[in-house]
1. For Asp7, what residues show an amide H to amide H distance below 5 Å, using hydrogens built from the backbone and excluding near sequence neighbours?
2. State the answer as a single residue: which of Gly170, Thr145, Tyr134 lies farthest towards the positive end of the charge dipole of segment 134-173, with beta carbon charges of +1 for Lys and Arg and -1 for Asp and Glu, about the Cα centre.
3. Kindly state, to the nearest 0.05, the FRET efficiency for Arg193 paired with Glu54, given R0 = 22 Å and r defined as their beta-carbon distance.
4. Return the FRET efficiency for the residue pair Gln261, Ala98: r is the Cβ-Cβ distance, R0 is 41 Å, and the value is rounded to the nearest 0.05.
5. Can you give me the relative contact order of the chain as a percent, contacts being Cα pairs under 8 Å and 6 or more apart?
6. List the residues, sorted by chain then number, that are 5 or more residues from Lys172 or on another chain and whose placed amide H is less than 5 Å from its amide H.
7. Amide H neighbours of Ser215 under 5 Å, at least 5 residues apart or on other chains, H built in the peptide plane: list them.
8. Quick check on the chain: helices-only [θ] at 222 nm, where DSSP H runs of length 4 and up contribute -39,500 (n - 2.57) each and the sum goes over total residues. Nearest 500, please.
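Coordinate-derived values only; no laboratory data. All figures in this text were calculated on a predicted structure; none of them were measured in a lab. Reconstructed Cβ throughout: ideal geometry from the backbone, glycine too, with neighbour counts over all protein chains shown.
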Amino acid sequence: MVIRTVDLRSDTVTLPTKTMRAAMAGAEVDDDVLGFDPTASCLEAEMAKITGKEAALFVPSGTMGNLISVLVHCDVRGSEAILGDKCHIHLYENGGIATIGGVHPRPVKNNEDGTMDIGLVEAAIRDPQGEQFYPTTRLICLENTHANSGGKCLSVEYTDRVGELAKKYGLKLHIDGARIFNAETALGVPVGRLVRAADSASVCLSKGLGAPVGSVIVGSARFIAKARVLRKTLGGGMRQIGILCAAGLIALQENVGKLEQDHRKAKALAEGIAQIKGLKIDVASVETNIMYFDIEEGSNMTALKLRKKLEEHGILIMFDNSSRVRLVMHHQISEGDVQYTISCLKNAMAGLPEENGI
Ligand SMILES: Cc1ncc(COP(=O)(O)O)c(C=O)c1O
């Protein structure tokens, strides 16, 4: 019998806390499409302040935040955006920048630490002399933390260098900062500094920060004015969104501080996994709340079998392929849950009877 649930599939599974629900119930609201919702304005002002940008805009999702940002920067047909070949915008957003925005993606290899080699980025910038043949490079996109490489942080030095490169060629820089607060926590560098070199950033409230819905994009007042129009075009203009923004404000006030513990719990989980025969993980590579581990060849276990075995004990996981598993830590996983997960994983790999896993 399942006695507990440990949901490690993603930090997007976090449920709104009691304070969030109370704030949502009591939120002061008005029509935000008309620009009058006070709670939305409050959240936007707060995010603009935190990120050191002139203005901000609440959007329904990180996907829409990235799409709007790319479209504002690439508002001429035939624009090209340079981005990592393993970044979220390129892999997991339905190719929206191309199918909806008519923006040509120029993927550059992502290194294991989530960066792209600056030399490769520079080489990918199109020569304007060849405009008869080439799309026009207008944008570079970074992702911090970089989810697909296991939540790796991009340093401020690296981001600044990409920013300088963008400036040198008259390009814009967008940061998908879905988990930028995790980077702030792990690096000890304020979000405002991490995004200083960027013309825009998209910050998710519904990942580790635990709000039920929403992201906020930030940039210059001009950028946000254009973004507001595009949000409406895409169907993302919503009326009394103060209900959602109220939860976002609580996320900023109460949950940013919990990320440090999330990272500590992630490390403890990784250290436990490293001790299990048949599993392989690079503990040092776990910088924030996302980790990947591999099932060693010859262990007679597959990711699918492991997922099923763990599910019987209420532990939910996701996998990349038949031997690679992803776990994501968040504030609704306790230290006890971490130990329980390690013990269930150990028993599953040892092939012990199910009851012994508890
Ligand atoms: C790095 C990154 N960017 C963007 C998104 C998109 O966010 P949403 O699911 O809110 O569209 C995600 C979602 O998991 C993500 O991990």
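1. Leu316
2. Of the candidates, Tyr134 comes out farthest on the positive side.
3. Numbers: r = 16 Å, r/R0 = 0.75.
It comes to 0.85.
4. On the way: r = 39 Å, r/R0 = 0.96.
It comes out at approximately 0.55.
5. On the way: 744 pairs, mean separation 86.6, N = 358.
It comes to 24 percent, rounded to a whole number.
6. Long-range HN contacts for Lys172: Leu139, Ile140.
7. For Ser215, whose amide H was placed from the backbone, the distant partners under 5 Å are Val59, Ser61, Leu205.
8. On the way: 14 runs with 139 residues, N = 358.
Theoretical 222 nm ellipticity from helices: -11500 deg cm²/dmol.
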